[in-house]
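Right, one structure below, let's go through it.
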Amino acid sequence: MPNKQSLKSLSKKYIKALVLQQDQTDCGVACLLSLVNFYGGTSNLEKLRELSGTNTVGTTLLGLYQCALKIGFDADAYETELQQLNVIEKPCILHIVNEGNLQHYVVCFSYIPPSLGKPEGTFIIGDPAKGILTLNEKELEKIWQSKTLLILSPNQNFILNKQETKAKWQWFKALIKPDLNILGLTMLLGIIATTLGLAIAIFSQKLIDKIIPSGNTTRLISSLIVLFFVLLMRTGISYVRTHFLLLQSKDFNNRIVGNFFNALVYLPKSFFDTRKTGDMITRMQDTSRIQRNIAFITGSFFIDIIILLSTSFFLITYSKTIAIITFSFIPLIVALILSYSKPIRKHQQDVMAYSGINQSNYIDTFNGISVIKQHLLEFFFTQKIKTVYGSLQDKTLAMGKMGNRFTVMNDILGIILNIVLIGTASFMVLNKQLKVGEMMAVISLSGSLIPAVARLSQINLQLQEAKVAFDRMYDFSSIKPEFIEEKITPIAFAQLEVKKISFRFAGRKPILKNVSIYLKKGEIIALLGESGCGKSTTLAILEKFYEIEQGEITVNGTPLSQLYTPSWRNIIAVVPQEIKLFNGSVIENIALGLNPSEEMNEVARFCRDLGIEPFIMQFPQGYATLIGEEGVNLSGGQKQVIAICRALYKNPQVLLLDEATSAMDRNTEQFILNLIKEQIDKGLSALMVTHKASVAKLADRIYVIENGITNVHGTPKELAMTNNFFSQLILDTTIE
C-alpha cells in the first residue's frame, strides 16, 4: 500500500512511466502516453495527437477520452471533489491551471494518506513539464480548479508492449524473408574473405622469423606466389559479395518502399488530414537506414565475430601476456560505447523528426508561392525556411558533435593500447621472449581485433538507428487500413437516406447535430448553409471518409457502414470544392489512372457526346495540353470543367458536387448545369452543395443546415415562400 512506501521509492516507480514534454499543446497526450507506459502498453505522441484531435492550441478532455477509447482503455470522465480523489485507486488525468494561468494536464498517480508528522495527505503527481512532484491537498486544490478528471483502465483491446514487439518482428520477418538466401551467401563470402585476410599477419611472421633467415630463395618465391593467389581470391570474393549486397539492397528498398506506400494509400483519409507531406516522405527515405543496418548486421557483425575469435586464438598462441593486455582494453571500449548509446539515439530521433518538419516546410512554401508573392512575403518565408532548416542543422550538428566526441575517445583508447602493445612487444623481443616476426604479427592482429570489438560494441548504436527508422515506418504501416480488400460487388442505386446524423472531429464540438436528407434515383437535391456549417463534411461522410457519431445512413435500406467501401465508391463520383489536378495532360486527368494512349479515342468520343469538347479544344494542345503542377496553367473554371468531365467519365450512379461551378463564368456554368440536368433525366442522382440561388433552383428539394441541424427543407418553390436561408439568397441575388 502507498502509505507503507517512502516518497522516494514511489517517485522512482513512476519516473519511467512519465513522458516529459515541454510543449504546452502536447501535455494532454503526454499524460495519456504516460498511462499507456504505466500499464505496459505501447504508443507514441504522434498517434495520440491524431486520435485526440490535438492541434496548435492543445486538446480537450473530450479528445483525450475519445483517444483513450480507441487505444484500448475503458475511460470515465468525472467532475468531483478533492475528497473523492483521495479514494480513487487508479492513476487518472487531471485538468489543472498551471503557474502561468494556462490550461494544463497532469497525471495523479497515487495518494498517500496523512501520517505522523504529516497532517495532510500527499499526492504523487506526474507533470509532463516538470517531472514527478509531490503536492499536498491544499496545493492540489489551488491548481485543480475545474475538478474534472479522466480515469483509465486497460481492457482486452489494450495492446501490451510485448504484443507490439511481436507484431513488429513478424512485419520485419515478412519484409526480410525474400532476402535470407542472398544475405546468408554474402555472410558466408564475408567470413571466407576475412579468414583469408588473416593470411597477411601469419605470412609476415613466417617471412621474418623463418623464410628470410633460412635464405631459401625458392621457398620465398613460392610463398609469395601462394600469398598472391590467396589475396587475389580474397579480392574476388569481396567483389562478388559486394555485388550481391547491391542487388539485395535494390530489391529490399523497392520492396519496403512499395509495401510502405501501399500501406499508406489504403489508410483512412482522416489519417492524411493530420499528417505533413514532408514527414511521410522522410519516413519513406528511412529505408536506406534500415537497409544499411541489415547489411551491417548480416555482414560486418559476423565477420567481426570471426575476427575476434581467430585473432584471440593467435594472440594467445603467440603471447599470453600481450593477449591479456589486449583483452583488458575490451571492457573499456565497450563501456565507452554503451555510455554514448542513449544520447546518440536521442539525437538520431531529433534529426529524423526535424528532417520531416523541414521537408514539410519546403513543400508547404512552394505550394503557397502565389500567396507569398501576392502579399510580398518572400523575405518572411525565406527567414522561416532558414529558421526551420537552421533547427535541423542544429540537431545535425549536435549529433555530429556527439559522434565526434565518441570517435576521439575511442581513438584515444586505441592509441593507448597500440603504444602499450608496441612497448610491451618490443621489451619482450629485447628479452628474447618474442621473435621479431611474432611481434609484427601480434601488432597486426591487435590492430584488427580492437576495431572489430569497437564495431561489435557499436551494434547497439546501429540497431538503435535502424529501430528508430523502423519504428517510424511501422507507426504508419501498423495503422488499420480503411478496408480489407475483397471483390467489388455491383450496387444498383435506388435511394440514399441520412437519418439524424451527428458528427464531430476528435476533441471538438459537434459540427453536425441532427442532419437528415433523402435522395432517390433520378433526383437532384441541394444542401445550403453558411460557411462552416458542415456541408462539405456531410459530403465527406457520404464518401465514407469519416464515421458518424450518431444516427444512420442507408443505401437501398442497407447501412452505409456495412457496404464494402470500394463497392460504394465505385458508383459515386465527386467534384470537390478544391480541385486536385495532377501534373500531366488533360486526357490523363480525365481518364485518371487508365492508359491515356488507349483511352484517348474513348475520352474524346465521350467529351464530344457530352458537348464538352469545345471547352477542351480551347486549350493550346487540346487533350494533350500539359496543365502543370496543381493545374497552374488553367483557370479555376477550366479546372472545374475537367473535374466534372472526370467525374462523369466514371459513369457514376450518384454525383456529389461541392460548389462545382463556383469559379465558372455564367455561360459555362449554365452549360454545365444543363448537362447535369440531362444526366439526371437519364437516371443519375446528384447531391450538390452550393451558395448560389440560381444553382439551387435546379434541385428537386433543398435542405438547409443551420447550427448543425436540417430543420428547413422542401422544394425551391416552397422555400421561396418562407423566411429561410434559400429565400434570403434569392433576395440578395435580386438586390445585386
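The values are calculated or read from the model by the stated rules, or taken from the named source; none is laboratory data. Remember, it's a predicted structure, so these values are computed and weren't measured experimentally. Here the Cβ positions follow ideal geometry from the backbone for every residue, glycine too, while neighbour counts run over all protein chains shown. Accessible surface is based on the protein model in full, side chains and every heavy atom, while ligands, DNA and RNA are left aside. Shrake-Rupley method; radii C 1.70, N 1.55, O 1.52, S 1.80 Å.
A few remarks follow.
- Alpha-carbon Debye profile of the range 194-291, log10 I(q)/I(0) at 0.16, 0.23 Å⁻¹: -0.80, -1.13
- Low-density loop cleavage sites - trypsin sites (Lys or Arg not before Pro) in the range 11-110, where at most 16 other Cβ are within 10 Å (DSSP): LYS16
- Computed from Cα positions, the angle between helix 180-197 and the longest principal axis of the chain comes to roughly 20 degrees.
- Three principal axis extents of the range 18-99 based on alpha-carbon atoms, in descending order, are 35, 31, 21 Å.
- Over the range 601-736: Kirkwood hydrodynamic radius from C-alpha pairwise inverse distances, Å: 16.6
- In straight-distance terms, cross-link reach from LYS210 covers every one of the aspartates and glutamates whose alpha-carbon lies under 13 Å from its own, apart from those fewer than eight places away in the same chain; here that gives GLU438.
- Alpha-carbon spread of the range 30-162, three principal axes, descending order, Å: 44, 32, 25
- Karplus-derived HN-Hα couplings along the range 483-489 (A = 6.51, B = -1.76, C = 1.60, θ = phi - 60°), whole Hz, x at Gly and Pro: 7, 8, 5, 8, 6, 6, 9
- What the Cα convex hull of the range 309-350 gives, in volume per residue, is 63 Å³.
- In the context of the full protein assembly, VAL334 retains an accessible surface of approximately 50 Å², using a probe radius of 1.4 Å and ignoring ligands and nucleic acids.
- Per residue solvent-accessible surface (Å²) - the chain, probe of 1.4 Å: 52
- Distant-in-sequence amide H partners of GLY131 (H built 1.01 Å from N, under 5 Å): none
- Each residue of the range 512-518 was assigned a 3J(HN,Hα) from its phi angle through the Karplus expression (A = 6.51, B = -1.76, C = 1.60, θ = phi - 60°), giving 10, 10, 7, 10, 9, 9, 9 Hz with x at Gly and Pro.
- Inverse of mean 1/r across different Cα pairs in the range 639-698, Kirkwood, Å: 11.7
- Element breakdown for the range 249-354 at a 1.4 angstrom probe: carbon and sulfur atoms account for 67% of the accessible area.
- Pairs of Cα atoms in the chain fall into 20 Å distance bins, from 0 up to the last occupied one, in shares of 12, 33, 31, 17, 6, 1, 0 percent.
- Whichever lysines have a C-alpha closer than 18 Å to that of LYS206, once near sequence neighbours (fewer than 8 apart) are set aside: LYS432, LYS435
- For the range 495-503, 3J(HN,Hα) computed residue by residue from phi via the Karplus equation (6.51, -1.76, 1.60; θ = phi - 60°) reads 7, 10, 10, 10, 10, 6, 7, 10, 7 Hz, glycine and proline entered as x.
- For the peptides 354-360, 29-35, 559-565, 83-89, residues were scored by their other Cβ atoms within 10 Å and the scores averaged per peptide; the highest-first order is 29-35, 354-360, 559-565, 83-89.
- Taking the C-alpha atoms only, the angle from helix 378-430 to the longest principal axis of the chain is near 20 degrees.
- GLN728-GLU81 pseudo-label distance in nm [points 7 Å out on the Cα-to-Cβ vector]: 4.7
- Amide H contacts under 5 Å for LEU512: PHE503, restricted to partners 5 or more places along the chain or on a different chain, H placed in the peptide plane at 1.01 Å from N.
- For the listed peptides 126-135, 164-173, 610-619, a ranking on the average number of other beta carbons within 10 Å per residue, highest first, reads 126-135, 610-619, 164-173.
- Residue ranges 260-271, 478-489, 184-195 sort as 184-195, 260-271, 478-489 when ordered by packing (mean number of other C-beta atoms within 10 Å per residue, highest first).
- Amide H contacts of LEU528: TYR703, VAL704, ILE705, each under 5 Å away and 5 or more positions distant or on a separate chain (H built 1.01 Å from N in the peptide plane; Pro and chain starts excluded).
- Only Cα pairs under 8 Å and 6+ residues apart enter the sum, and on that basis the relative contact order of the chain stands at 11 percent.
- These residues, HIS347, HIS713, HIS104, go from largest to smallest accessible area, 1.4 Å probe, as HIS713, HIS347, HIS104.
- Distance cut-off 22 Å, percentage of C-alpha pairs in the range 96-190 lying past it: 58
- Its alpha carbons considered, the range 135-193 gives a radius of gyration followed by a Dmax of 25.6, 72 Å.
- Principal-axis tilt of helix 666-681 within the chain, Cα atoms, nearest 10 degrees: 90
- Each helix, a run of at least 4 DSSP H residues, gives -39500 (n - 2.57); summed and divided by the residues of the chain, these come to -18500 deg cm²/dmol at 222 nm.
- Alpha-carbon centroids, the range 633-684 and the range 517-567: separation in whole Å: 20
- Carbon and sulfur %, accessible surface of the range 678-724 computed with the full protein complex present, 1.4 Å: 50
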